[in-house]
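Below is a structure I'd like to ask you about.
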Amino acid sequence: MNSQQLIAKLKQYPLAVICTLVVLVMLGLSFLRSGNLPELNAEYDALQEEAEVISRNSSNAVDLTANLEELSKLVESVDARLIDADSVTANYRYFLGMGERSNVKYVNDPPAATYVKSARFKSYALAEFQNVAVQGTYQNVLNYLYEVRTGEYLMRIDSISITPKASGDKEEVVASLKITGLAKKRPETKKKKKK
């Protein structure tokens with residue numbers, strides 16, 4: 001069979017020739033791409049995980065604006081209850097007011113706070129009130145503790161020691177406290193370079 005006879009046969013069955021060529025091209029492409037199959041499977045898995053993350057994020061973002069507004073209100077309420085490190089007089093009056101409301105007396109004047117940077121709170125500082133000592137009846141000391149916990153400033157009692165008063169009424173007690181509060185962070189001062 002020569003080339004003239006082969007061309008005549010191919011012209012006789014054009015559909016079969018085209019289908020055979022398409023099958024051969026497809027087999028060639030699948031053979032060439034079979035080496036990329038593990039890479040394509042890994043890319044498919046990565047895209048599938050990304051689609052799942054996007055789906056979870058879109059479902060979590062349904063009430064995002066309402067949650068953001070609620071969070072902003074909470075931050076504002078916390079900021080309104082911070083101790084102002086620069087207002088020593090106001091802090092002193094605040095402690096005196098707590099003592100008057102709970103009907104206790106301070107053994108010594110309420111101490112000034114020492115301010116410490118906090119690793120947990122980047123936007124706030126900690127105000128530590130060391131050696132706060134109050135005296136009064138046991139119930140009045142409990143009232144003072146309640147005032148500390150529920151007062152205008154965000155404070156907590158780190159340690160407490162309650163002992164009976166050495167002299168006087170046997171219902172009188174002395175409470176020694178260490179109180180820590182959340183304070184406005186002071187701006188950092190830049191150190192001057194020596195020449």
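We did not get these values from a lab; they are worked out from the coordinates using the rules stated. Predicted model only: the values in this text are computed from it and were never measured. Neighbour counts run over all protein chains shown; Cβ positions are idealised from the backbone, glycine included.
Over 28 Å between C-alpha atoms is what I'm after, so list which of Lys165/Lys185; Lys73/Lys122; Lys73/Lys105; Lys117/Lys165; Lys105/Lys178 land there.
From Lys165/Lys185; Lys73/Lys122; Lys73/Lys105; Lys117/Lys165; Lys105/Lys178, over 28 Å: Lys165/Lys185; Lys73/Lys105; Lys117/Lys165.
What 222 nm value per residue comes from the helices of the chain, counting each DSSP H run with n ≥ 4 as -39,500 (n - 2.57) and dividing by all residues, nearest 500 deg cm²/dmol?
-17000 deg cm²/dmol
In addition: Under a no-solvent Debye model with one identical scatterer per Cα of segment 1-92, what's log10 I(q)/I(0) at q = 0.11, 0.16, 0.21 Å⁻¹?
Reported log10 I(q)/I(0), two decimals: -0.73, -0.91, -1.06.
What value in Å³ per residue do you get for the convex hull of the alpha-carbon atoms in the chain?
324 Å³
Note down the relative contact order for the chain as a percent, whole number, built from C-alpha pairs under 8 angstrom at least six residues apart.
18 percent
Now for a separate question. If you count, for each residue, the other Cβ atoms within 10 Å and average over each peptide, how do 17-29, 102-114 line up from highest to lowest?
The densest-packed peptide leads the list: 102-114, 17-29.
Applying 1/(1 + (r/R0)^6) with R0 = 22 Å to the Cβ-Cβ distance of Ser161 and Arg93, what FRET efficiency is obtained, to the nearest 0.05?
0.30
Based only on Cα atoms, what Rg/Rh ratio does segment 88-184 have, Rh being taken as Kirkwood's radius?
Reported Rg/Rh (Cα atoms, Kirkwood Rh): 1.00.
With +1 on the Cβ of every Lys and Arg and -1 on the Cβ of every Asp and Glu, and nothing else charged, how large is the dipole of the chain about its Cα centre, in debye rounded to the nearest 20?
Dipole about the Cα centre, nearest 20: 1140 debye.
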